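This report refers to the structure that appears directly beneath it.
The values are calculated or read from the model by the stated rules, or taken from the named source; none is laboratory data. None of the values given here were measured: they were computed from a predicted structure. Methodologically, a virtual Cβ is constructed for each residue, glycine included, from the backbone with ideal geometry; neighbour enumeration extends over all protein chains shown.
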Amino acid sequence: MNNILSFDQVCVEASSAKAADFPILDSISLNLQQGESLGIVGGSGSGKSTLLRVAMGILARGLSLASGTVVTAGVDLLNVGPEMRQKMYGNKIALVPQSIGEALSPHRTIEGHFKDTLGSAASIEKIVDALVDSGLEGSKFLHRFPHQVSGGERQRILLALALVRSPELLLLDEPTSALDRDVAAEVLATISRLQEKRRFALICVSHDFEVVRRTCSQLAVMNHGRIVERGPTDHVLTKPTDSYTKALLDSIPKPNHRIRESHSMGPNSVISANKISVIRGTKNRVLDSLDFEVRQGEVVGVIGQSGSGKSTLLSVICGLVSPSSGSICTGDGFDLSIPLAKRPLNITGAIQLVFQNPDDSLNPKRTVQQSLSRYSGATVSQLIQVLESVELTSTFLSRYPSEMSGGEKQRVAIARALLTQPKILLLDEVTSALDVNIQAAVFQMLAKVQQSTKMAMVIVSHDLELVASFADRLVVLRDGQAIEHDSAQIR
Amino acid sequence: MKFFTKDRTPRGKILAYCVLVLHGAIALFVPILHLTPTDEQDATTMLQGISVDHWLGTDGLGRDVFSRVLHGGRPSLVIALVATAIAAMIGVLLGSFAALAGGWIDEALSRLIDFLLAVPTLILLLLIASFFGQDPVILSLTLGLMYAPPIARVSRASTQILLARDFVRVARLQGGNGLTILVSEILPNIWQVVFNEIAMQFTWIILAFSSLSFLGLGVTPPTPEWGLMIAEARSYMTINPVSVIAPICMLASLVLAVQALVDHE
């Protein structure tokens, strides 16, 4: 049988002086034949996206191929001109990129996108067939623009676009990272069905074992640019041999396993909101007459699909957004519907928010010490103490954000929030940008902090299992309304 | 010493640095070089070409062009530096304050910036110079005010982008007020972009001042200044072309060097 993709001892190195300590890709060898599917799992920076790019014949600026050969569909793509590569794309290899929001031109209809891809071979029947194959009601979508379709539909359209010229190799980069759980499951099922039917070779890169388990028969685990373990997916998942694979698998939250034990909460409420609504534009009700209460020492998990109003709820509590109607106040009766700038310092300090993206929540031009002490005025010994509470050492004080990993940055952001000794800590998807093993570590750290400080927390996430294993109580939001309050029922 | 590492410092950038350093050195040290005095006239040596005594020949009054060209950058540079500092101060403060304040204050300041941008700079400068004479203080202030709006626009836009960043929101949540947020969070992060804009405006200010001198409203003769030298020498351009070409080259090399550096940043 023909190899559709073959990597032979491929090493890719960074050419700049500020290179990483290890090669970006280190002696990667793999072969993929028709109908085979390979999942690649690894933490961020493990080299999995670079591997996908190299398979397409692309080396990012600053990277160079140190040794080895890559042959994709019979062509050494790294050593051919751009015209040849362009000819191969779509025909022989196709990629579904990670950022599905940006992959479609906002000014072209779906039909237009297919016509661009197919050129003179385009016909309505062919386009509709491709869409139907991807599980969409084809004719309904032809004249829609990208903003008129949902995330899941967009992912299916991208899949149909990638497959419409029957490529031999399909590359998927984090195919479900932008999708909600239920939609992701449906998309993954479609991918496996199409792969079985069309018999193309498939590489699926993800940080999530579940994605790979559902789509790929083979699994490779990458760490520091090397493939540390490879084998049939079920075998690797059930009997891992490499320590890194084991660590990754161990950090996946297990059903009915609690990261944090529930504690009794105080009788008084810290925040109580009564029928709050937030209206954007003329009629878009982001929050719709929502009642919400957090009591002393309580950890409330807020889950819901994207757009359900989770982050807006946190913004209202901390004052970044004022409610359009309804009342919200602290346990002492302070009215929280007034804008942030007019709140007294003790109230702003008592409510702290940690944002989702660790890369964005620290000032890139300031050291950790400057970031932490700027507004709190804390002394160095207080800073060291708070860093220790988030399991970092005093050596971090002199570091800039660019010198830290995502997990470390998020810990610093949490430490900064703890410095004002808040009564309630709001956590907005704080681990969604982190690798799964680091997610677990951050949550364990948060559990310790909560136990020692007994502060109330509101955790927003779309990851039900993670939140359920941490929170005392769950609130499910849909279209700005709370639809469920009982954690036992959900689990 | 990132500048000297073998890693891709573009040659254009090195050249631009060298030209700038040379201009700076000439402007600083030319008085101690004991060249022919710039206002020393000699009726016997008018409009001579290149010679050992006069490296770039002489002008219509027999003055040494080489000496005048080397001295000619000093008034432009001093006025341009002062005016740029004024423009930078007004522009950065106005722009970032407008973005931070938002609402009607932002709206009003933005319209003011638009209005200043719509005023034809050179005509206003001519008016001011005719009313108040060639006072360097007034000229610097006017140039600073007229070239502040583009800096204000860039500052406002970059500040607005930063205001949506999480670390600025955190600063607000931790009780930071407008001024501390501006100084600690905004300025360090917009500085690079704004500095490029300031450097661009510096070149426009130099050109504007030279244009004023060319029109006879910049420096007072016999002070040597490139724009004025071009104006004076253009009547004899065919007899001693070097006396026009030399100040043009100096002006162009300074402006190009600054713009090349900005491009490479």
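Annotations for the structure displayed:
- Residues of segment A:414-454 satisfying the condition of being farther than 18 Å from B:Arg165 by Cα, within 14 Å of chain B (Cβ to nearest Cβ) and either of a type in the set (Asp, Glu) or in contact with a Leu (Cβ under 7 Å, 6 or more places away or on another chain) (or both): A:Ala415, A:Leu419
- Listed conditions (1) modelled with pLDDT under 85; (2) under 28 Å from the mean Cα position of the chain (by Cα); (3) surrounded by 14 or more Cβ atoms within 10 Å (Cβ to Cβ) are all met by A:Asn3, apart from (2).
- The single residue among A:Gly331, A:Gly297, A:Gly301, A:Gly309 that is touching a His at 6+ places or on another chain (Cβ under 7 Å) and more than 14 Å from chain B (Cβ to nearest Cβ) turns out to be A:Gly297.
- Taking segment A:183-251 as the region of interest, the strands (runs of 3 or more DSSP E) fully inside it that hold 3 or more residues being closer than 19 Å to A:Ser49 by Cβ, in contact with a helix residue (DSSP H, G or I) (Cβ under 7 Å, 6 or more places away or on another chain) and of a type in the set (A, V, I, L, M, F, W, C) are A:201-206, A:218-223.
- Residues that are touching a residue at least 40 places away in the same chain (Cβ under 8 Å) and surrounded by fewer than 21 Cβ atoms within 10 Å (Cβ to Cβ) within segment B:196-216 comprise B:Asn196, B:Ala199, B:Met200, B:Thr203, B:Trp204, B:Leu207, B:Ser211, B:Leu215, listed in sequence order.
- A:Ser289 falls short of the stated requirement of being assigned to a strand (DSSP E or B), over 21 Å from A:Thr453 (Cβ atoms) and modelled with pLDDT of 90 or more.
- Among the helices (runs of 4 or more DSSP H) confined to segment B:116-198, the ones with at least 3 residues that are within 14 Å of chain A (Cβ to nearest Cβ) and either over 18 Å from the mean Cα position of the chain (by Cα) or charged (D, E, K, R) (or both) are located at B:148-163, B:166-173, B:178-181.
- Inside segment A:421-435, residues that are surrounded by fewer than 21 Cβ atoms within 10 Å (Cβ to Cβ) and either of a type in the set (Ser, Thr, Tyr) or outside any loop (DSSP other than H, G, I, E, B) (or both) make up a count of 1.
- In segment B:59-97, the residues that are surrounded by 18 or more Cβ atoms within 10 Å (Cβ to Cβ), farther than 20 Å from B:Ser213 by Cβ and not aliphatic (A, V, I, L, M): B:Gly91, B:Gly95, B:Ser96, B:Phe97
- For segment A:101-118, a tally of residues being closer than 25 Å to A:Glu196 by Cα and either of a type in the set (Ser, Thr, Tyr) or surrounded by fewer than 17 Cβ atoms within 10 Å (Cβ to Cβ) (or both) returns 1.
- When each of B:Leu56, B:Leu100 is tested for being in contact (Cβ under 8 Å) with a residue 60 or more places away in the chain, within 14 Å of chain A (Cβ to nearest Cβ) and surrounded by 18 or more Cβ atoms within 10 Å (Cβ to Cβ), the lone residue that passes is B:Leu100.
- All positions within segment A:81-110 that are farther than 30 Å from A:Gln33 by Cβ and assigned to a loop (DSSP other than H, G, I, E, B): A:Gly101, A:Glu102, A:Leu104, A:Ser105, A:Pro106, A:His107, A:Arg108, A:Thr109
- Restricting attention to segment A:225-246, the residues that are touching a residue at least 40 places away in the same chain (Cβ under 8 Å) and within 23 Å of the chain's Cα centre (by Cα) total 4.
- Number of positions in segment A:119-161 that are among the small types (Gly, Ala, Ser), out of contact with any Asp or Glu (no Cβ under 8 Å at 6 or more places or on another chain) and surrounded by 14 or more Cβ atoms within 10 Å (Cβ to Cβ): 3
- Single residue of segment A:450-469 satisfying the filter (among the small types (Gly, Ala, Ser) and crowded, with 19+ Cβ neighbours inside 10 Å) that is nearest to A:Ser432 (Cα to Cα): A:Ser461
- Helices (runs of 4 or more DSSP H) wholly inside segment A:341-413 containing at least 3 residues that are facing another protein chain (nearest Cβ under 10 Å): A:345-350, A:368-376
- Some residue of segment A:316-323 being in contact (Cβ under 8 Å) with a residue 60 or more places away in the chain and outside any strand (DSSP E or B): yes
- Selection from segment A:224-237 of residues that are more than 18 Å from A:Ser6 (Cβ to Cβ) and in contact with a Leu (Cβ under 9 Å, 6 or more places away or on another chain): A:Gly225, A:Glu229, A:Gly231, A:Pro232, A:Thr233, A:Asp234, A:His235, A:Val236, A:Leu237
- A single entry from A:Thr330, A:Thr312, A:Thr245 fulfils the requirement of being buried (at least 16 other Cβ atoms within 10 Å of the Cβ), assigned by TED's automatic domain parsing to the domain that holds A:Ile227 and at pLDDT 85 or above: A:Thr245.
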